[in-house]
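The values are calculated or read from the model by the stated rules, or taken from the named source; none is laboratory data. As the structure is a prediction and not an experimental result, all values here were calculated from the model. Virtual Cβ from ideal backbone geometry, glycine too; neighbours counted across all protein chains shown.
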Amino acid sequence: MERKELLYTGKAKKMYATDQENVLWAEYLNQATALNGVKKDTIEGKGKLNNQITGRIFEYLAEKGIASHYLQELSETEQSVKRVNMFPLEVVVRNVSAGSFAKRFGMEEGVDLPFPVLEFYYKDDALNDPFINDAHVQVLGAATDAEVAEIKQQALKINAALIEMFKGIGIRLIDFKIEFGKTAEGEIILADEISPDTCRLWDIETNEHLDKDIYRRDLGDLIPVYVEVLDRLNKM
Ligand code: C5P
C-alpha cells in the first residue's frame, strides 16, 4: 500500500489518503495537548505508544465482536484504518466520577456511578467542544435519532468490553472518550483512537494515574506510565 496526500492534521495524528479508496493511513504524533490545545508539548516516544496501545485495544475489541475502523499496524507510529465519515461527536462514557464530571457536580473523584453515564460533546474547537444533549445532536445535524440510538448502544457495549479487559490487567476504567464514523456501506463503527490520551485509567491497587492526567495535572513523566499500559496489554 502506498501513502498519498495528507488529508488532515489533528492534535495527535496526521491522516493520509492511500492508493486504496477506502483505506486511510494514520500517523501518531509525539504531541500532547490539554485544555483544547492551550497546553501543548512535544513528548518523544508518545506517538508510538499510542499507536500500539490503540492497535492492541482495537484488536481485543474485534475479538469480542466489536467492529472498528482499525485494519493493521504499518509501523511503530502508523496504522491503516477504514475510511469513514466521522460524526462530529465526542462520546464520553463514565463509570466513576472524575474530571469535568466531578468538577461540574462538585463531586469528589473516584466515586463509583450507579450505571455508566453517557455524554455527548460537539466537536468544534472554536466552540471548545461544548457539552450537548440528544436534542442538540439532532438540531445540529450531527446524527439522526436512529444513529444516536446505535451509537449509545455500541458505546455501552464497548464500555463493558473495556472494563473487563482493563480489569484483567489491574486497571480500573474510570472514563473514556470515543468517536464513531460511517463506512461507505453505511455501517456505524468505532473510529479514532483508544489510548491513555482518551481514557482515565487508575491502577486497581494503588489508584495511581496511568493516563494523560499525568500531563494535564503536571504529575510527572507520561512516557513510563504509557509504557506500563502497553506492557500490561502485551502480556494479556
Ligand atoms: O475532561 P473530562 O472529564 O470530560 O474527560 C472525560 C474523558 O474523556 C477522559 O477520559 C478524557 O481523557 C477524555 N477526553 C478526551 N478528549 C477530549 C475530552 C475528554 O479524550 N477532548
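If you go through the range 27-43 one residue at a time, do you hit one that is under 24 Å from Ile158 (Cβ atoms), modelled with pLDDT of 95 or more, surrounded by fewer than 16 Cβ atoms within 10 Å (Cβ to Cβ) and within 16 Å of the ligand (Cβ to nearest atom)? No, because not a single residue in the range 27-43 is under 24 Å from Ile158 (Cβ atoms), modelled with pLDDT of 95 or more, surrounded by fewer than 16 Cβ atoms within 10 Å (Cβ to Cβ) and within 16 Å of the ligand (Cβ to nearest atom). The residues of the range 157-199 that are touching a residue at least 40 places away in the same chain (Cβ under 8 Å), within 16 Å of the ligand (Cβ to nearest atom) and part of a helix (DSSP H, G or I), listed by number, are Ile158, Asn159, Leu162, Ile163, Met165.
Using the structure shown, decide if Glu27 is in contact (Cβ under 8 Å) with a residue 40 or more places away in the chain and touching a strand residue (DSSP E or B) at 6+ places or on another chain (Cβ under 6 Å). So Glu27 fits the description; yes. Of the residues making up the range 86-133, just one is in a helix (DSSP H, G or I), farther than 26 Å from Leu210 by Cβ and within 18 Å of the chain's Cα centre (by Cα), namely Asp125.
For the range 1-44, the set of residues classified as in contact with a Leu (Cβ under 9 Å, 6 or more places away or on another chain) and assigned to a loop (DSSP other than H, G, I, E, B) consists of Met1, Gly10, Lys11, Ala12, Ile43, listed by residue number.
Of the residues making up the range 149-166, at least one is acidic (Asp, Glu) and more than 25 Å from Val84 (Cβ to Cβ). For the range 141-156, the count of residues that are assigned to a strand (DSSP E or B), under 21 Å from Leu61 (Cβ atoms), touching a residue at least 60 places away in the same chain (Cβ under 8 Å) and within 16 Å of the ligand (Cβ to nearest atom) is zero.
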